[in-house]
1. Considering only residues that are of a type in the set (A, V, I, L, M) and part of a loop (DSSP other than H, G, I, E, B), look in the range B:94-129 and name the one that is farthest from B:Asp66 (Cα to Cα).
2. If I go through the range D:43-101 residue by residue, how many of them are at pLDDT below 95 and either of a type in the set (Ser, Thr, Tyr) or within 26 Å of D:Lys17 (Cβ to Cβ) (or both)?
3. In the range A:163-172, is there at least one residue being touching a residue at least 60 places away in the same chain (Cβ under 8 Å) and within 11 Å of chain B (Cβ to nearest Cβ)?
4. Which is assigned to a loop (DSSP other than H, G, I, E, B) and either in contact with a Ser or Thr (Cβ under 9 Å, 6 or more places away or on another chain) or of a type outside the set (Val, Ile, Thr) (or both), of D:Lys187, D:Lys181?
5. Quick one: in the range C:222-277, of everything that is aromatic (Phe, Trp, Tyr) and open to solvent by less than 50 Å² (accessible area, probe 1.4 Å), which residue is farthest from the chain's Cα centre (by Cα)?
6. Please specify each residue of the range C:83-109 satisfying the condition of being within 7 Å of chain D (Cβ to nearest Cβ) and among the polar types (S, T, N, Q).
7. Give just the number: which of (1) in contact with a Lys or Arg (Cβ under 7 Å, 6 or more places away or on another chain); (2) closer than 21 Å to B:Lys31 by Cα does A:Tyr72 not satisfy?
8. Which of the residues belonging to the range C:130-141 are part of a helix (DSSP H, G or I), at the interface with chain A (Cβ under 10 Å from one of its Cβ atoms) and surrounded by fewer than 20 Cβ atoms within 10 Å (Cβ to Cβ)?
Number of protein chains: 4
Amino acid sequence: MARSKYEYVKAFEREDKLLPNTWIVVRVDGKGFHKFTKEHQFIKPNDVTALQLMNHAASAVMKEIDDLTLAYGQSDEYSFLFKRDTDYYSRREVKLASVIGSLFTAHYILAWSRFFPDKPLTKPPAFDARAVPYPSIENVRDYFAWRQADCHINNLYNTSFWALVLKGGLSENAAMKRLSKTVAKDKNELLFSEFGINYNDEPEIFKKGSTLVKELKPFMKESRVPRKYADPKFRVVRNDGLDHVIQEITRQETVVTELHCSIIDEAFWIEYPQAVQ
Amino acid sequence: MARSKYEYVKAFEREDKLLPNTWIVVRVDGKGFHKFTKEHQFIKPNDVTALQLMNHAASAVMKEIDDLTLAYGQSDEYSFLFKRDTDYYSRREVKLASVIGSLFTAHYILAWSRFFPDKPLTKPPAFDARAVPYPSIENVRDYFAWRQADCHINNLYNTSFWALVLKGGLSENAAMKRLSKTVAKDKNELLFSEFGINYNDEPEIFKKGSTLVKELKPFMKESRVPRKYADPKFRVVRNDGLDHVIQEITRQETVVTELHCSIIDEAFWIEYPQAVQ
Amino acid sequence: MARSKYEYVKAFEREDKLLPNTWIVVRVDGKGFHKFTKEHQFIKPNDVTALQLMNHAASAVMKEIDDLTLAYGQSDEYSFLFKRDTDYYSRREVKLASVIGSLFTAHYILAWSRFFPDKPLTKPPAFDARAVPYPSIENVRDYFAWRQADCHINNLYNTSFWALVLKGGLSENAAMKRLSKTVAKDKNELLFSEFGINYNDEPEIFKKGSTLVKELKPFMKESRVPRKYADPKFRVVRNDGLDHVIQEITRQETVVTELHCSIIDEAFWIEYPQAVQ
Amino acid sequence: MARSKYEYVKAFEREDKLLPNTWIVVRVDGKGFHKFTKEHQFIKPNDVTALQLMNHAASAVMKEIDDLTLAYGQSDEYSFLFKRDTDYYSRREVKLASVIGSLFTAHYILAWSRFFPDKPLTKPPAFDARAVPYPSIENVRDYFAWRQADCHINNLYNTSFWALVLKGGLSENAAMKRLSKTVAKDKNELLFSEFGINYNDEPEIFKKGSTLVKELKPFMKESRVPRKYADPKFRVVRNDGLDHVIQEITRQETVVTELHCSIIDEAFWIEYPQAVQ
């Protein structure tokens, strides 16, 4: 039942369902954020407000899509994990990536003025996205370990680099040269001996990035019920006419919790088993 | 030179370059716009301001990406055409789709308050995207003809449907039933005989959608040059000290032109050969 | 270092590595075997010699490719299982499918005259192939269960159909009509009441298909060693000059074992854990 | 209507239709032919009988599949071109590659003893295959030019290499060293000055490879027709009873023609326009 003779062009679309029974990770990455952060004068090496805005946008995406169970972000990127049996957008690779990229962009922009009330958004931020299937829990954990190891490596470098530039007075080129061929230990020593910075004391959000998990949290709400159906478990707050009472009942809601811990360590995965489903 | 032992997970990414030497169309589609338009009280059947906002966002995307040569939009969707030999994002399918989806989202939101000064954006709009390669100019033209034919079919239906509901006082269900099994001619007659609407007189932007092409337009600008290098072609506006003059010179810039014509007809493709490169 | 200016066309090839860390199944299927079996007068409903030839070809493929751990065949199809971490042909989908298809074809033809000494091969047999990744052991077992369930369903149907035609004197059309809408129980009763056939007594190779697994089997071989290094574990067969002896030693070799058991039942997978690696 | 609860595993198969409206090239390549040619003592640098066997197998594949319009072979590889609008195996990439690879293997083996009556086939030959879409005629021609340029480069090298080894008495290693860093001109001179070989006089089948095209050729056949319907265009050979005659009529059949010309030159494509459809 073609609606026009041109409809044949639809057949040029590729079917792109990701392999069933695999965990899908969607990662969004800032497009040209080197320039974007300069234009909007983000603090170097880490702008904590900008990171909080990223966390806010990611948290909104998590809340909106039930099948997401975990997210991890650092710098200008965020990774989202779908549960193994998700059928969101029929597991279509390009749809999953583009929708999450678009939603993330939307929440980032909508919340901008709340996080940066004094900084107008002069250039539109944009994010590319990709969707990758992982067939085992070990692969999934290694994926997130990969991103967190990357966070650590980049943050140690950036902390050293900007210390040399902002406190040491080196040019950016000189700082780069100074750091080339240094290993982690060298950078730790440089930070401590030259700038009195103990890298271990740096904020966890910088060193570990941000992890979002979902938790069920109880909450109280008042509910009006016919007196004869009042649940004895719950406290009666007051009467409402002759036949009804107002009870304070407990319900559960899904909340997104933000963490800045190691997700390479076993402990995280034991404490939050719901993160991989 | 892996940066960590976890980096092996990168190999699970699929290489997704689209076939070389083909034209690539990226189409963005509003996600859940039925609800979004209700929530933001868009005028039915067509909200011209909302269409102008779509055109604005698409135009900004066109300006930002040199390799885009044509765009066509209707309702809550917009299609973008890359030139045949583009190497934007190395022709990677998911990157192309997600970046254009994200950019479009960004410009849509950033311009919202300009187009709807009295309507706060209460829900984030989002767009999914796809990228499809077409191997011949005929296929490309048929793709755009497909979307425009779709626009016509939908608009005739929606115009009839909302006339029945808003002017005829029918319920939405009754209107749907009334229109089921009608063909184009029936709807034209219904509009005319019952509501005095001559469908042909409806605005072109509703019937034909919006087409964006790029054109080189000359523009004047003042330029300060040493007197001895002044170009006799251009008018001298004034002197600037002894040795310099200010000339009014002509340059060319790429502008995005918005059209509401048939792109099914040959005429469009003859007039704008630059639309398919 | 292109060897000619035409080499750019290589870039039109798709990278087709199958997802890492998944089990890969390659299935070969007879192309036009309805006609092929007619032309070569295969016995209906099952030609045991033809099945043995299939098993021979599959067994040869198993021996040739170390990373294959299991194969299952029925009718004109055979499925081969690669171990999870195989890097055979870099896991390239089309290479894996086409090489196994080609090898299977080669062994089938080369052994034909040994299995059918009185039947010349008048038409070339051909097989299509496909390669599919499975991310869990459960999926792998369900894949093979699927093929064996299919074998059962087809064989019960074919046994009934050819009984009606060959023993009952029905036309092929009449037999088809007679069997339409019958369920398994009906076919079992029809076979028993009309033709005295107890389906359960049919050969296992017909009802269950053929399963190939690899086993390490010890074998004896004579080995010439210096007398002083002779291994007391092994029997000395004879002397060879003054200083050497011939010993009968035991080694292990991989053999392919053919089974006709249920591979849906747990028991098979417990007995042959090496079948899925 | 699943036939068993295991049928869900079918959904793990990827849909692999190649882009519509593109020309598809399938290339088969000998698997481990270095060893295979040694084992079967092929003449070096070129075994003309082995090449003829390749041509025979390719020709049989061409005859069997109507939608193939061109084939080109050299060494142990053969490329087949499908016409642009083919729907053979629904354009499924893996099916196309595997079926052509299997058919080619079958014809190669079946004809072996005819081409090598004194050489038993002791090892099964196998071929891998791939299928690649090309969106323009220029790309298609460049693909075939690429393979023919490759043939030339390899053949010049091999002719020089085996002259050094077989006539010059060099070891294979020494010959390789001698040729490293030589360009085409050097090899031509080496062949001429040291071995009196004028490369230009080498057989075209070695220098250009083999090209197969399809042609319509008229052929005569006797036909029995009622006398009154006899076609005056055709000669009556004899009477057959009172009412019938035997006429010699002309029909057309598709034949596969083998060429050893340049397919890089324009001339070939002008002479055989049917090669790319």
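The values are calculated or read from the model by the stated rules, or taken from the named source; none is laboratory data. A quick note: this is a predicted structure, and the numbers were derived from the prediction, not measured. With ideal geometry, Cβ positions are generated from the backbone for all residues, glycine too; neighbour counts draw on all protein chains shown. To get the accessible areas, we keep the full protein, side chains included, count just its heavy atoms, and leave off ligands, DNA and RNA. Shrake-Rupley method; radii C 1.70, N 1.55, O 1.52, S 1.80 Å.
1. Of all residues in the range B:94-129, those of a type in the set (A, V, I, L, M) come to B:94, B:96-97, B:99-100, B:103, B:106, B:109-111, B:121, B:126, B:129.
Okay, now just the ones that are also part of a loop (DSSP other than H, G, I, E, B), so B:121, B:126.
Working: B:Leu121: 30, B:Ala126: 24 Å.
So the residue we want is B:Leu121.
2. The total comes to 0.
3. No, the range A:163-172 has no match at all.
4. Details: D:Lys187 fails: assigned to a loop (DSSP other than H, G, I, E, B).
Just one listed residue meets the conditions, D:Lys181.
5. First pass over the range C:222-277, keeping only residues aromatic (Phe, Trp, Tyr): C:229, C:234, C:268-269, C:272.
Then drop every residue that is not open to solvent by less than 50 Å² (accessible area, probe 1.4 Å), which leaves C:234, C:268-269, C:272.
On the way: C:Phe234: 37, C:Phe268: 16, C:Trp269: 17, C:Tyr272: 16 Å.
Applying the filter and picking the extreme gives C:Phe234.
6. If we filter the range C:83-109 for residues that are within 7 Å of chain D (Cβ to nearest Cβ), which is where we start, we get C:93-95, C:97-99, C:101-103, C:105-107, C:109.
Result: C:Ser98, C:Ser102, C:Thr105.
7. (2)
8. Step one: of the range C:130-141, the residues part of a helix (DSSP H, G or I) are C:137-141.
Remaining after also requiring at the interface with chain A (Cβ under 10 Å from one of its Cβ atoms): C:138-139.
Answer for the range C:130-141, where residues must be part of a helix (DSSP H, G or I), at the interface with chain A (Cβ under 10 Å from one of its Cβ atoms) and surrounded by fewer than 20 Cβ atoms within 10 Å (Cβ to Cβ): just C:Glu138.
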